[in-house]
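One structure below.
The values are calculated or read from the model by the stated rules, or taken from the named source; none is laboratory data. This structure is a prediction, so every number in the text was calculated from the model and none was measured. Cβ atoms come from the backbone with ideal geometry, glycine included; neighbour counts cover every protein chain shown. Each accessible area value is taken on the protein alone, full model and side chains, heavy atoms only, with ligands, DNA and RNA left out. Shrake-Rupley method; radii C 1.70, N 1.55, O 1.52, S 1.80 Å.
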Amino acid sequence: MFKAAINFLRENNKRLIALALFSLIFYGSLFFMSYVVNPAQTIRDLTNQRSFPLNILAFVIESVITHYILIFEVILPAMRKERSRGKVLVIGILLFLVKFGFNYYSFLVERRDQERSSTLSSSTVLTENSVVWLILMSYLYALAISFSAALLVEWVQKGKERIMLEKQKTEAELSTLKHQINPHFLFNSLSFIYGKVIKQDKETADSVLMLANIMRYALGKSTGVDGTVNIMDELEHMKNVVEINQRRYNHELNIFYEEQIDDQSIRIVPLVLITLVENAFKHGDLHDPEYPLFIKVETSMNELSFVIRNKKGKGHKGLSNGVGLQNITQQLSLMYGERCRFLVGEGDMDFSVSLNISFPV
């Protein structure tokens, strides 16, 4: 328990410090406004409170706990759909009940102390109903502040994700530039090899031509100004990847492919489907007839559905840790947001990925 608390403080020290500073500033603002309105009463109350530092500490601790739970356990998980609405509502209500009980008990204790010391006057007495409303209003205020802070945190996080994705794209482009010879030289060389080989081995020649087309596609020759490609281009080169791998293994791989393309105008982020297929060839066992590589693509009006499932290969490591899959997740999130569902499933024998994208009308 103690070790867990230490780890929590280490992981969230920046958040907690920021919330503590905000609480001190807020407390100071309340004190300043009270002093401006009634300096004499404020000084009198301050000098009469022997535990003034403890009061500040209790206020800061309560404020930090309240805002931390509201921001990072209630509002942000609700915005990101990491928790169900029911759980979020339960946490919010429980926090309010605990906060209400603590504040109401503190009020009763303070009034009892004032009665004992004969410092309680009718002009400063708050009725119990007034205290209830005051606690309720303070909680609503904490909710409003926490919501504003959560929006700021989410905006900053989205900005960091965009910067990270741009950095990854730039690094990928630089890596491509470093490792690529003149593309025209490469394609001309492949065309030359194709012309030489086709007379002796048409299948090998066709494989060279398919490889050249895939490489040309990967270099972004079909990408539009918005960074997307037509779904038919992506599927054409995805099927070329499947065919080349089949030829590598003398057509001994078990692959079931199904497509139903009702809307050919859909445009998607390039190489997403191809990367998922390549992962299946790289990590899957496709030699078992009972567990073929299953690929299904469907498009309807303004919607894309893609499912791929394969048997795990020996020494399989979860693809969810792969850089390629993480990059796909970030790309889809930034490009489509809540209009995209990208689900990864892993069983004892198989691994599956499903992708659904809804496009605006």
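Structure data summary
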| item | result |
| --- | --- |
| Net charge of Cβ neighbours under 15 Å - reference Val60; Lys, Arg +1; Asp, Glu -1 | +1 |
| Total formal charge among the other residues, if their Cβ is under 10 angstrom from that of Leu271, Lys/Arg +1 and Asp/Glu -1 | -2 |
| Ranked by how many other beta carbons lie within 10 Å on average, peptides 212-218, 88-94, 250-256 from highest | 212-218, 88-94, 250-256 |
| Inter-probe distance in nm under a simple model that places probes 7 Å from Cα toward Cβ, at Arg341 and Met164 | 2.5 nm |
| Where N is the number of residues in the stretch 256-361, Cα Rg divided by 2.2 N^0.38 Å | 1.08 |
| List Lys169, Lys14, ordered by accessible area with a 1.4 Å probe, largest first | Lys14, Lys169 |
| Added length on full extension, which subtracts the Cα-Cα distance from 0.36 nm per residue, Glu243 to Ala5 | 80.2 nm |
| In Å², nearest 10: area of Asp262 left accessible to a 1.4 Å probe | 110 Å² |
| Accessible area in the full protein assembly, largest first, 1.4 Å probe, for His287, His237 | His287, His237 |
| Local net charge near Leu76, Cβ-Cβ under 10 Å (Lys/Arg +1, Asp/Glu -1) | -1 |
| Largest to smallest accessible area among Trp155, Trp133 [probe 1.4 Å] | Trp155, Trp133 |
